[in-house]
Amino acid sequence: MMPRWLRKLHQVVGLLVGLQLLVWTCSGLVMSLLDVKKVRGEEFRVTSTSPRPWPANALSVDSLLATAMAPVHTISTGWLLEQPVYRLAGPQGPQLIDASSGAGIVLSAELVQKLALASYSGPGHPGQAELLEPSLETRAHAGRVWRVAFSDPEDTSVYLSQQGELLWHRNRSWRLYDFFWMLHIMDYSGRTDFNNYLLLSMAVGGLGLALSGLGLLIGRLRQINWTRLGRAGRCELSLFSPAGDKLQTLRAVPGKIVYQTLAGQGLQLPSNCGGGQSCGLCMVRVLGQAPAATEADREHLSERKIGSGWRLACNLTIKQGLAIELPEGVGQQTVCKAKVEAVQALAPFLREITLRPLLPAAAQFRPGAYLQLHIPPYSMERHKIEFPADQASDWAALELPASWSNTQLLRRAYSLACPVDQADGCLTLLVRIAHGRQALVNHPPGIGSAYLYGLKPGDALEFTGPFGDFAVQSGGRQKVFIGGGAGMAPLRAMIRSLLETGAAERIQFWYGAQSLRDAPYVAEMTAFAARYANFSWHLVLSGTAAPPELASGISTGLVHERAQQALLREGLDFLACDFYICGPPAMLTATRAMLKQRGVADERVSFDDFKS
Ligand SMILES: Cc1cc2nc3c(=O)[nH]c(=O)nc-3n(C[C@H](O)[C@H](O)[C@H](O)COP(=O)(O)OP(=O)(O)OC[C@H]3O[C@@H](n4cnc5c(N)ncnc54)[C@H](O)[C@@H]3O)c2cc1C
Ligand code: FES
């Protein structure tokens, strides 16, 4: 721990040295910004010409010294304009001697002005020459100094010695520089001495400041709990099963998304869209305070689910630790292998694909559940899709591209279309091809379904699951199933399971298709209706009506409207029934809206949204 006094000292010294550091920095900056040529007074100074030869008739130094009246310490030659001169220095002071005659010269102000002008090349005019007493301005020369000021923008002054020697050109830039130089070296009186005590004490203070700062820093670093710091920026993501058992705790990074965090640690949530917030399959339940539902949550999850804390994991941010419940089966998923057992084209664009899992399918493969089939990278040609001859015209009308491909491993959800125990342990799927032709426009065919349409018996496939909470509700209430398209799959599995397990309640199945040839399992459903008194089957065709000889029991229109009319006609108590819906998005939305309008509570309506 750093002593208190040292801390205080550090602060006081820091303040003083800090101020001077500021001065050093600013003055250094100003000096470096000034034009060095101007500072040196070279701007308007006549550059010296080549040395002139010393005249042969000049007095010799010996004769000069012989006639000198006083001792001479130094003697030098020079010129006063065109006149050769000797400059003598001694205890009597400086003397200027005419080298031709040996007579002493006394400088007049006029001569000085002329000398100054001879050294000046600027635009200014010379002022009166003045003889200055020694001062700060003339500190670089001992004794008095002549000055001639010029009227130019730089306020140039020319300085000469008393012997007529040119000393300096000085101007505004030099004066500014000189001022900041004084601040920089902290010699406020002489402006030349950088060995002064003030500068020395500041330098020592700066060093002390740096050392005491280093000491403080080391003290601080010692106080830091590095282990805790290492853990900062990390939090825990706890996973629970639907039964409330803790499955595992994962290390997570605050701000990251749950879906990606789980995937990064090998736990892949169900998804058709790879975390794109568009399939609604990746839901998890937040335990404790759930964050406010986002638009994506509201789009894919029912109000009931949102109210119970369910959120899309691909849209759920980990804040400071999070506990979530994973849907059934998600916590212990393993990749399973299966072989294609049979492929049957039930309708032009609906195909039953039977898979035999390599390991026996367990009881959790309950009716209503879906699998996630793994769609590997592949390339495919149109002719690989086989179809019965009577469907050739349907396929020709699609104008599929000659070939297409998939470059990455994808997953797609497909519901079980039959209870496993009624299918000899096989997984029965009913797959509608997403052919891509919409309103006479050809989009690329769906990656997953087009791949499945290329499968032949014996082909291998991988899947995970089962997943999903679309299931028969307990309680034995009257049941109304409303579906269309591939939505037949989970509804059929549930109905078959109910009928085969002896359900006694009334069960109605309303199924919508474009035409009779687009509706799968018609014969099977008709047979069930004949066999089970509590089961009724209603096919509604939205396009081509059925031929008259087959039309008995088949109506035309939109399935949810026909169902509503018939149920109202027979006086069905909507509120006493459970409803199960699955089919194309438009049908699903319309049917749910119809039930809401009839006052049916959310918890009485189960549905699976295939989004296609
Ligand atoms: C819980 C659940 C259960 C499901 N069960 C079943 C089931 O039992 N049976 C079933 O058939 N389906 C089922 N689905 C739907 C299935 O998972 C797939 O979504 C469906 O098969 C389409 O997938 P895809 O890979 O073929 O199409 P994708 O490749 O996902 O393409 C989707 C659609 O976009 C179109 N498209 C592609 N490119 C373009 C483009 N550039 N411009 C415009 N459109 C384009 C495709 O033609 C296709 O119609 C289920 C879905 C869910 C969520
Ligand atoms: S992964 Fe599709 S919605 Fe989240």
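Enumerate the helices (runs of 4 or more DSSP H) found wholly within the stretch 131-239, keeping only those where 2 or more residues are modelled with pLDDT of 90 or more and over 20 Å from THR47 (Cα atoms). Correct list: 172-185. Close Cβ contacts (under 7 Å, 6 or more residues apart or on different chains) running from residues in the stretch 438-456 that are farther than 20 Å from PRO388 by Cα to residues that are within 16 Å of ligand 2 (Cβ to nearest atom) comprise ILE447/ILE375; ILE447/LEU410; GLY448/LEU373; GLY448/ILE375; GLY448/LEU410; GLY448/ARG412. Could you tell me whether any residue of the stretch 483-493 is surrounded by fewer than 22 Cβ atoms within 10 Å (Cβ to Cβ) and either within 16 Å of ligand 2 (Cβ to nearest atom) or assigned to a helix (DSSP H, G or I) (or both)? Checking the stretch 483-493: not a single residue is surrounded by fewer than 22 Cβ atoms within 10 Å (Cβ to Cβ) and either within 16 Å of ligand 2 (Cβ to nearest atom) or assigned to a helix (DSSP H, G or I) (or both).
Count of the stretch 401-430 residues, restricted to those that are touching a residue at least 24 places away in the same chain (Cβ under 8 Å) and away from ligand 2 (no atom under 16 Å from the Cβ), is 20.
Within the stretch 530-581, restricting attention to residues that are of a type in the set (Lys, Arg) and surrounded by fewer than 20 Cβ atoms within 10 Å (Cβ to Cβ), the residue that is farthest from the chain's Cα centre (by Cα) is ARG531. Of ASP390, ASP421, all but one fail to be away from ligand 1 (no atom under 11 Å from the Cβ), under 30 Å from THR501 (Cα atoms) and assigned to a helix (DSSP H, G or I); the exception is ASP421. For the stretch 8-17, the count of residues that are basic (Lys, Arg), outside any loop (DSSP other than H, G, I, E, B) and modelled with pLDDT under 90 is at least one.
Among the residues of the stretch 260-267, none qualifies, meaning not one is surrounded by fewer than 19 Cβ atoms within 10 Å (Cβ to Cβ), part of a strand (DSSP E or B), over 20 Å from the mean Cα position of the chain (by Cα) and away from ligand 1 (no atom under 16 Å from the Cβ). Selection within the stretch 150-165: residues that are of a type in the set (A, V, I, L, M, F, W, C) and in contact with a helix residue (DSSP H, G or I) (Cβ under 7 Å, 6 or more places away or on another chain). The member of this set that is surrounded by the fewest Cβ atoms within 10 Å (Cβ to Cβ) is LEU160. The residues on offer are GLN11, GLN95, and the sole one that is among the polar types (S, T, N, Q) and farther than 29 Å from LEU167 by Cα is GLN11.
Close contacts from the stretch 289-313, counting a first residue that is in contact (Cβ under 8 Å) with a residue 40 or more places away in the chain and part of a loop (DSSP other than H, G, I, E, B) and a second that is charged (D, E, K, R) and away from ligand 2 (no atom under 12 Å from the Cβ), with Cβ to Cβ under 8 Å and a gap of 6+ residues or different chains, come to SER302/ASP602.
Selection of the stretch 84-111 for residues being surrounded by fewer than 14 Cβ atoms within 10 Å (Cβ to Cβ), of a type outside the set (Gly, Ala, Ser) and closer than 19 Å to ARG52 by Cα yields an empty set.
I'd like to check something: does the stretch 441-460 contain any residue that is away from ligand 2 (no atom under 16 Å from the Cβ), farther than 26 Å from LEU269 by Cβ, aliphatic (A, V, I, L, M) and surrounded by fewer than 12 Cβ atoms within 10 Å (Cβ to Cβ)? The answer is yes; a qualifying residue exists. Scanning the stretch 253-307 for residues being acidic (Asp, Glu) and more than 10 Å from ligand 2 (Cβ to nearest atom) gives a total of 2. Checked against the criteria, PRO445 counts as farther than 19 Å from PHE463 by Cβ, within 8 Å of ligand 1 (Cβ to nearest atom) and in contact with a strand residue (DSSP E or B) (Cβ under 8 Å, 6 or more places away or on another chain). Can you tell me which residues in the stretch 381-390 are in contact with a strand residue (DSSP E or B) (Cβ under 6 Å, 6 or more places away or on another chain) and either in contact (Cβ under 8 Å) with a residue 60 or more places away in the chain or surrounded by 12 or more Cβ atoms within 10 Å (Cβ to Cβ) (or both)? Selection gives GLU381, PHE387. Applying the criterion of being among the small types (Gly, Ala, Ser) and more than 24 Å from GLY274 (Cα to Cα) to the residues of the stretch 326-359, the residue that is surrounded by the fewest Cβ atoms within 10 Å (Cβ to Cβ) is ALA342.
Flag: ALA323 does not match the condition of being more than 15 Å from ligand 2 (Cβ to nearest atom), over 22 Å from THR464 (Cα atoms), touching a residue at least 12 places away in the same chain (Cβ under 8 Å) and surrounded by 17 or more Cβ atoms within 10 Å (Cβ to Cβ).
The values are calculated or read from the model by the stated rules, or taken from the named source; none is laboratory data. Quick caveat, the model's predicted, so the values are computed rather than measured. FYI the Cβ positions are ideal-geometry reconstructions off the backbone, even for glycines, and counts take in every protein chain you see.
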